[in-house]
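A quick write-up on the structure given underneath.
The values are calculated or read from the model by the stated rules, or taken from the named source; none is laboratory data. These numbers were taken from a predicted model, which means no experiment stands behind them. A quick note on method: Cβ atoms are made from the backbone with ideal geometry, for glycine too, and the neighbour counts reach across all protein chains shown.
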Amino acid sequence: MLLYGSWARGDAGPDSDIDLCLVAPEAEDRAGLWREFVSHLRSEKYDLRIFEILPLHIKMAVIEEGSVLWSRDVLELYEYFYPFRREWDDQKHRHDLSPGEMRELIAAARRARAGGGP
């Protein structure tokens, strides 16, 4: 279980929710697991997410800014995160592109596919 978001960064305000992320790579029923945890939360200020179903850019926010609240094995947890870090290293530049740059890349890919070159 990790704390991430504004509370982990130290910039939470009075209206900030508390972002929690449950890492459960071997869970077969993630929806059931989520319901089980949420049923024990006593406040709607908690926003509980399951790591494995998050989009990659949010997974990276959890990994990079998260604070481990509980883990059976912290070293194993960080080993589990390693492939996500590698995948992000390969894709991060796409998130940093402006809309115009993205359109240019898509147009170039379409031209290349059609045999028109870059």
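Would you check if there is a residue in segment 65-74 being loosely packed, with under 13 Cβ neighbours inside 10 Å and charged (D, E, K, R)?
yes
Using the structure shown, decide if Glu76 is in contact (Cβ under 8 Å) with a residue 12 or more places away in the chain, of a type outside the set (Gly, Ala, Ser), outside any loop (DSSP other than H, G, I, E, B) and farther than 26 Å from Asp11 by Cβ.
Numbers: in contact (Cβ under 8 Å) with a residue 12 or more places away in the chain: no; of a type outside the set (Gly, Ala, Ser): yes; outside any loop (DSSP other than H, G, I, E, B): yes; farther than 26 Å from Asp11 by Cβ: yes.
No: the conditions fail for Glu76.
Pairs only if they're at least six apart or on different chains, beta carbon under 7 angstrom, first in segment 23-39 and at negative phi, second assigned to a loop (DSSP other than H, G, I, E, B); list them, first residue then second.
The qualifying pairs are Arg30/Ala24; Leu33/Ala24; Leu33/Ala27.
Can you spot a residue in segment 79-99 that is assigned to a helix (DSSP H, G or I), modelled with pLDDT of 95 or more and among the hydroxyl-bearing types (Ser, Thr, Tyr)?
The answer is yes, given that some residue of segment 79-99 is assigned to a helix (DSSP H, G or I), modelled with pLDDT of 95 or more and among the hydroxyl-bearing types (Ser, Thr, Tyr).
In this structure, is Tyr82 closer than 14 Å to Leu2 by Cβ and aromatic (Phe, Trp, Tyr)? Quick ask: steps written out before the conclusion?
Numbers: closer than 14 Å to Leu2 by Cβ: no; aromatic (Phe, Trp, Tyr): yes.
Answer is no for this residue.
Only one residue in Arg49, Arg103, Arg42 is without any contact (Cβ under 8 Å) to a residue 12 or more places away in the chain and outside any helix (DSSP H, G or I). Which one?
Values: Arg49 fails: without any contact (Cβ under 8 Å) to a residue 12 or more places away in the chain; Arg103 fails: outside any helix (DSSP H, G or I).
Answer to the selection: Arg42.
Would you be able to tell me the number of residues in segment 22-51 that are crowded, with 16+ Cβ neighbours inside 10 Å and among the acidic types (Asp, Glu)?
Within segment 22-51, residues that are crowded, with 16+ Cβ neighbours inside 10 Å and among the acidic types (Asp, Glu) number 0.
For segment 1-21, give me each residue that is in contact with a Lys or Arg (Cβ under 9 Å, 6 or more places away or on another chain) and surrounded by 17 or more Cβ atoms within 10 Å (Cβ to Cβ).
Scanning segment 1-21 gives Tyr4, Ile18, Asp19, Leu20, Cys21.
Across segment 29-78, which residue is modelled with the highest pLDDT among those that are closer than 17 Å to Ser6 by Cα, in contact with a helix residue (DSSP H, G or I) (Cβ under 8 Å, 6 or more places away or on another chain) and basic (Lys, Arg)?
The qualifying residue modelled with the highest pLDDT is Lys59.
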